[in-house]
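The values are calculated or read from the model by the stated rules, or taken from the named source; none is laboratory data. Keep in mind that what you see is a predicted model, and the values were worked out from it rather than measured. All Cβ positions, even for glycine, are placed from backbone atoms using ideal geometry, and neighbour counts span all protein chains on display. SASA here: full protein model, heavy atoms, side chains in, ligands and nucleic acids out. Shrake-Rupley method; radii C 1.70, N 1.55, O 1.52, S 1.80 Å.
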Amino acid sequence: MTDWKERLTGQLEMALSQSDPRPHISAYHDMPYAIFRYPPEAEFQVRQEVALLRTRLEQAGKRVTTISLAECMAAALVAEGLDTRALVDAEKSVGLESTVETIHQVISEYRPLDDLVASRIPADVDPLRDVVFIVRAGALFPIYRTSSLLEQLKGKVNVPAVLFYPGELDGAAGLRFMGVLDAEHNYRPKIF
């Protein structure tokens with residue numbers, strides 16, 4: 001069994017299966033979420049295992065909401081009139097760096113990613129029953145760092161939530177997004 005799969009089924013699943021998972025995934029009452037890191041090259045295997053984890057948790061009486069960051073970003077761009085064709089045209093005319101900056105601006109200022117994520121959490125959540133999976137973080141690379149997202153979700157998420165993070169551990173609490181970017185060391189959520 002791979003390291004990430006062992007952590008997923010042996011540690012994360014055990015924590016989320018508790019009657020109140022919050023103290024098992026976070027030391028902060030206003031940040032009841034954790035990060036599950038995995039190697040970026042295992043993306044498709046992780047997606048499959050996360051789907052199975054969701055099924056097992058639902059069979060144990062939990063309600064799991066899955067939020068795709070790729071879908072959130074796409075919705076934000078479309079809402080601002082930036083479909084795939086517009087982005088391709090922008091990259092051709094102003095270059096990749098300017099296009100990336102435009103996308104970052106959309107999901108940071110015009111349609112903040114944290115608001116999009118929070119709006120997808122059911123209104124009737126119960127911290128003892130509900131679990132939120134935040135997936136497809138790799139779609140944000142290299143546009144947006146997830147450390148920003150997690151800090152901005154503080155106080156907006158009051159149920160156990162897990163960000164599935166494609167990256168590498170750097171020290172005790174540092175993460176390198178996609179194993180490429182310099183490590184971000186200000187992650188406060190527990191890293192599985």
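Residues in segment 140-166 that are at pLDDT 85 or above and either part of a strand (DSSP E or B) or aliphatic (A, V, I, L, M) (or both): LEU140, ILE143, LEU149, LEU153, VAL157, VAL159, ALA161, VAL162, LEU163, PHE164, TYR165, PRO166.
Taking every residue in segment 5-29 that is of a type in the set (Asp, Glu) and pairing it with any residue that is not in a loop (DSSP other than H, G, I, E, B), at least 6 positions away or on another chain, the pairs with Cβ-Cβ distances below 9 Å are GLU13/LEU53; GLU13/ARG56; GLU13/LEU57.
The set of residues in segment 21-44 being farther than 18 Å from ILE67 by Cα and either assigned to a loop (DSSP other than H, G, I, E, B) or open to solvent by 40 Å² or more (accessible area, probe 1.4 Å) (or both) consists of PRO21, ARG22, PRO23, HIS24, SER26, ALA27, TYR28, HIS29, ASP30, PRO39, GLU41. Within segment 37-59, if we keep just the residues that are touching a Leu at 6+ places or on another chain (Cβ under 9 Å) and modelled with pLDDT of 95 or more, the residue that is farthest from LEU8 (Cα to Cα) turns out to be LEU57.
PHE133 passes every criterion in (1) open to solvent by less than 10 Å² (accessible area, probe 1.4 Å); (2) farther than 17 Å from VAL64 by Cβ; (3) among the aromatic types (Phe, Trp, Tyr) apart from (2).
Looking only at segment 46-80, which residues are free of Cβ contacts under 8 Å to residues at least 40 places away in the same chain, surrounded by fewer than 17 Cβ atoms within 10 Å (Cβ to Cβ) and assigned to a helix (DSSP H, G or I)? Residues satisfying the conditions are GLN48, ALA51, LEU52, THR55, GLU58, GLN59, ALA74, VAL78, ALA79.
Quick one: would you say PRO127 is without any contact (Cβ under 8 Å) to a residue 40 or more places away in the chain, within 19 Å of LYS190 (Cα to Cα) and over 17 Å from the mean Cα position of the chain (by Cα)? It is false that PRO127 is without any contact (Cβ under 8 Å) to a residue 40 or more places away in the chain, within 19 Å of LYS190 (Cα to Cα) and over 17 Å from the mean Cα position of the chain (by Cα).
Across segment 139-152, the number of residues qualifying as closer than 26 Å to GLN48 by Cβ, within 11 Å of the chain's Cα centre (by Cα) and open to solvent by less than 20 Å² (accessible area, probe 1.4 Å) comes to 4.
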